[in-house]
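Structure, as structure tokens:
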Amino acid sequence: MTTAFPSFEGGLTLGQGVQVTGVQRVVDRFFEAELLSLHGSVGFTEAESSALAGVQESFPISGGIDAALSNFFSALSDLANNPSGLQERVALIGKAQALGETLRQTRASLTAAQHNLDNNLDSAAHGLNQALSQIAALNRQIALNESANQPANDFRDQRQVLLQDVTRLTGATTREDPDGQVTVIADGLLLVGEGRAATLDTSQLAPSGLHMVMYQTPDGLSFDATTLLRGGEIGATLNMRDTQVPAFTTTLDQFAKTLVDEVNIQHALGFDLTGTAGGSFFTPIAAVAGAAAVVQVDPTLAADPRLIAAAQTSTGVPGDNRNALALVNLQSTTFAALGGMTLKDHFLSLLGNVGSSAQTIDNSLNFQKSLLAQVQARRESVSGVNIDEEMTKLILFQRSFEASSRLVRTADDMYQTLISMVR
Amino acid sequence: MRITQQSITAQVNDGLQQAYRRVAKTQEQVTSGLRINHFSDDPIGATRALDLRSVEASIAQYQRNIDNTTPFLTMTDQKLGDVIEGLTRAKELALGMVNDTNTSLERQQTAKEIHQILLQMVSSANTNVDNRFIFGGFKNGLAPFTQAGGVVNYIGDNGVVSTQIDAASTLPANIPGNQVFQGTGVVGGVGVFDVMRDLETVLNGGSATNTLSMAVNLDSSIVAGAGFTPANAVGTEATSATFLGEANFTAPVTVFDSIGQAHNLTVLFAKTGATTFKYRVVANSNEITGGTPGDLYQVSTEGTLVFTAGGALNAGASTLTDITLNNLADGANNITITAANLSFAGSTHSADPSAVLTLAQTDTNGFNPQLGRIDAAINQLDTFRAEVGARLNRTQLSTNALEVFKSSTMAQRSKLEDADVLSVYSDFSRYQQALQAALKSAAEVVQMSLLDFLR
């Protein structure tokens, strides 16, 4: 609003009130930029936090792999106590099957978490593409309006909301050009340039069975950006899907492979109840990758419990329990394949990793959220509206209008008096 | 700073969220009774608690191992006691028969009783617990002692079944029957059943038989190969009515192989019967080194004689002459290990410890020597019984230690894992009050507007 040009009447300067020159957005550019970058990091942390919560669910606080493992070794100890006992042998096979089952379930649940992330990626990319094309359209509209000196406040507000979405998804940075258009760049990839938007295509599958993220420029140039995107929700999802969850899975696989290998090696050194050298206890596993998904008791052995090799020599059958004791000792043996740890410690360190990753992410999420709330509050104090404040202003303006009308009425009264004097 | 309706709403929402989260968290702790409900609540505490839980599981397992072993040891102790009782009874009976005034009929009746005691002892030695024979070693699926006409044979083995009773130590759960009842591997070992059988024979007017078995063995540096088999260790000693049990070994003997390397000659003896055997080695003077001629090697107990490698008198000799173990008492029943059997091609030689030959002698001295052997047998069983007692004692001590360890581990885990009920409850009611206050104030603040007052 600007003060209207006063009129001069009889040597007096009379105010003409104010004129509305235009409606402007009240924004603090610093807070807006700060808010956008915070949306990026909150998006990243939130995605990681929810993914880790999913991973954590694969490892129950009690009754998980650690319990199955100690049950298995307990059953082996029972076998050592009575190597000729058939019940002990049947019980051991049961516990070994339960251990295999638990490992397979945990592995499956980690894979499910990974595929869940993959699906999230798909919908995130879809949402991003929509937002990017709308931003490009708004860019064109804003440039058109403002070049014609038409305010484009509503378009800018719309674009601001979309930009928040885009930064939350990608952690992108934005820059406004002099003509009012914004350029959006994420991890070196141009997402929006003037009136044109790039797209992310997740329709193609990589050999691993997971989606590839193809970056397509407005001109149709296309390349694989799966490893390039690091920020925001999409970056976090990719990081969890391709790095963190596979790391947990590999650790679990290493655990399973070592368990199967070491038990089989020791088992083959012994002799079963029929006096023949021990065969495989678990079905042998060739590679670390995917090992935890295929742990199972050897079917031949599962069908005939007498084939468990508890004796160290064929002549010691049936009372010799030395190989059973040697198998029990695997519990406290450290293995180079597990980084010099015992089976149990290796698994506990995996749990510790999952737990502390989740804890760290939750803590930083809390911190970022409170930061976001602060900045939002400050932005609100600049751009927001307090109804009471506006209401008092309204009353003020109402009163000044009343005062002005009183002036008019007084003048009217004076004219009335004057006219009636003439009559 | 301007406070707007938006910021009030955001703040109210934020505060309510926080209050709800705190209430939910403490509520979870109250219902589960656990301080840690997710690994992220306290990753270090959670893994430590899991670690402690597996320690508890192993403690329970050790306890189960001990519970499993105890009946075996208790039964072993009891059966050893039974056999000792039988031996004591046999000794009483034998002492009653010492006088020449006892008629041969009385002696034969006593012999029958001795036979019954022997059978009772064999059945004790064949005791099983839970279908496992306690004196069978690893071969515990079958009765370890067979008995036919008073001759008892052991078909078990030397296996010792051990069980883990804590993280660092194991406890042997059995004693092989051949050690207890036959004295195998025991210094001065006595065959318990042999004593009983000899006593029976003597009471029946017969003669007890003493046997000496001997294995000739070359030292361990000689690796297996051709040249020395049990069949090669042929002795000429045989049963002799004129055996007087008096023979001498002479000086230490060194055996050289074809490339002039010296080897120890080891003679292993196992014997039954009360007689002391004495032998000496007579060899070609080239093969005898060191020592004093006429040194006596006395075989009064089972054991090993080692003729140590000495100088190199015969270095380079390609062939050895015969080594004779000379029974000086009768001058006839010598054991000769022929040169052919001690000469080797190259440096690979057999060291077969089973090159055994057995000497048997008849003892006509009546049953007086058998009384001493009964005492020796009782001593032997007492020693084993003391050993079993010590093991039982160890299981008790371990049980106590495991109890203490278990309760301290559980206390530690509870501290990590379990919610402190008092403080969780007080937190819960505090957060609940805070939530109520927040809700109440929020309701009032959000409603308030100047509009309400402009009427």
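The values are calculated or read from the model by the stated rules, or taken from the named source; none is laboratory data. Predicted, not measured: the structure shown is a model, and the values here were computed from it. Every residue, glycine as well, gets a Cβ built from its backbone with ideal geometry; the counts of neighbours run over all protein chains shown.
Assorted remarks:
- Residue check, residue A:200 at pLDDT 90 or above and either under 30 Å from residue A:308 (Cβ atoms) or assigned to a loop (DSSP other than H, G, I, E, B) (or both): no
- So residue A:92, is it away from chain B (no Cβ under 11 Å) and in a helix (DSSP H, G or I): yes
- Condition met for residue B:37 (polar (S, T, N, Q) and either closer than 30 Å to residue A:79 by Cβ or assigned by TED's automatic domain parsing to the domain that holds residue B:397 (or both)): no
- Here A:168, A:175 are screened, and the one residue that is charged (D, E, K, R) and surrounded by 17 or more Cβ atoms within 10 Å (Cβ to Cβ) is A:168.
- Residue A:74 being under 37 Å from the mean Cα position of the chain (by Cα), at pLDDT 90 or above, facing another protein chain (nearest Cβ under 10 Å) and part of a helix (DSSP H, G or I): no
- First in the range A:227-251 and closer than 19 Å to residue A:55 by Cβ, second anywhere and of a type in the set (Lys, Arg) and surrounded by fewer than 24 Cβ atoms within 10 Å (Cβ to Cβ), Cβ under 8 Å, 6 or more apart: A:238/A:230; A:239/A:230; A:249/A:107
- If the condition is being aromatic (Phe, Trp, Tyr) and part of a helix (DSSP H, G or I), then the range A:1-54 contributes A:30, A:31, A:44.
- For the range A:367-422, the candidate set comprises residues that are β-branched (Val, Ile, Thr) and in contact with a Ser or Thr (Cβ under 9 Å, 6 or more places away or on another chain); within that set, the residue that is nearest to residue A:38 (Cα to Cα) is A:385.
- Within the range A:205-247, tally of residues that are under 18 Å from the mean Cα position of the chain (by Cα), among the polar types (S, T, N, Q) and either at pLDDT 95 or above or not in a loop (DSSP other than H, G, I, E, B) (or both): 4
- Filtered residue count, the range A:329-343, keeping only those that are assigned to a helix (DSSP H, G or I) and either buried (at least 22 other Cβ atoms within 10 Å of the Cβ) or more than 10 Å from chain B (Cβ to nearest Cβ) (or both): 5
- Residue in the range B:97-107 that is in a helix (DSSP H, G or I), more than 30 Å from residue A:360 (Cα to Cα), within 47 Å of the chain's Cα centre (by Cα) and touching a residue at least 24 places away in the same chain (Cβ under 8 Å) present: yes
- Taken over the range A:271-289, the criterion of being closer than 25 Å to residue A:341 by Cα and over 28 Å from the mean Cα position of the chain (by Cα) is satisfied by A:280, A:281, A:282, A:283, A:284, A:285, A:286, A:287.
Conditions tested, residue by residue: (1) more than 41 Å from the chain's Cα centre (by Cα); (2) under 30 Å from residue B:64 (Cα atoms); (3) without any contact (Cβ under 8 Å) to a residue 12 or more places away in the chain.
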{"site": "B:398", "(1), (2), (3)": "no, yes, no"}
{"site": "B:401", "(1), (2), (3)": "no, yes, no"}
{"site": "B:409", "(1), (2), (3)": "no, yes, no"}
{"site": "B:427", "(1), (2), (3)": "yes, no, no"}
{"site": "B:431", "(1), (2), (3)": "yes, no, no"}
{"site": "B:435", "(1), (2), (3)": "yes, no, no"}
{"site": "B:438", "(1), (2), (3)": "yes, no, no"}
{"site": "B:450", "(1), (2), (3)": "yes, no, yes"}
{"site": "B:453", "(1), (2), (3)": "yes, no, yes"}
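- Of residues in the range B:145-167 being at the interface with another protein chain (Cβ under 10 Å from one of its Cβ atoms) and assigned to a loop (DSSP other than H, G, I, E, B), the one nearest to the chain's Cα centre (by Cα): B:160
This table checks each residue for (1) within 14 Å of chain B (Cβ to nearest Cβ); (2) in a loop (DSSP other than H, G, I, E, B); (3) among the polar types (S, T, N, Q); (4) farther than 24 Å from residue B:49 by Cα.
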{"residue": "A:249", "(1), (2), (3), (4)": "no, no, yes, no"}
{"residue": "A:259", "(1), (2), (3), (4)": "no, no, no, no"}
{"residue": "A:286", "(1), (2), (3), (4)": "no, yes, no, yes"}
{"residue": "A:327", "(1), (2), (3), (4)": "yes, no, no, yes"}
{"residue": "A:348", "(1), (2), (3), (4)": "yes, no, no, no"}
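- Residue list for the range A:96-114, restricted to those being without any contact (Cβ under 8 Å) to a residue 60 or more places away in the chain and surrounded by fewer than 22 Cβ atoms within 10 Å (Cβ to Cβ): A:98, A:101, A:105, A:109, A:112
- Checked against (1) at the interface with another protein chain (Cβ under 10 Å from one of its Cβ atoms); (2) surrounded by fewer than 18 Cβ atoms within 10 Å (Cβ to Cβ), residue B:36 meets all criteria but (2).
- Residues of the range A:264-284 that turn out to be in a loop (DSSP other than H, G, I, E, B), out of contact with any Pro (no Cβ under 8 Å at 6 or more places or on another chain) and over 18 Å from residue A:328 (Cβ atoms), as a count: 6
- Count - residues of the range A:304-323 that are more than 10 Å from every other protein chain (Cβ to nearest Cβ), touching a Ser or Thr at 6+ places or on another chain (Cβ under 7 Å) and crowded, with 24+ Cβ neighbours inside 10 Å: 0
- Subset of the range B:7-33 (residues that are at the interface with chain A (Cβ under 9 Å from one of its Cβ atoms) and surrounded by fewer than 16 Cβ atoms within 10 Å (Cβ to Cβ)): B:14
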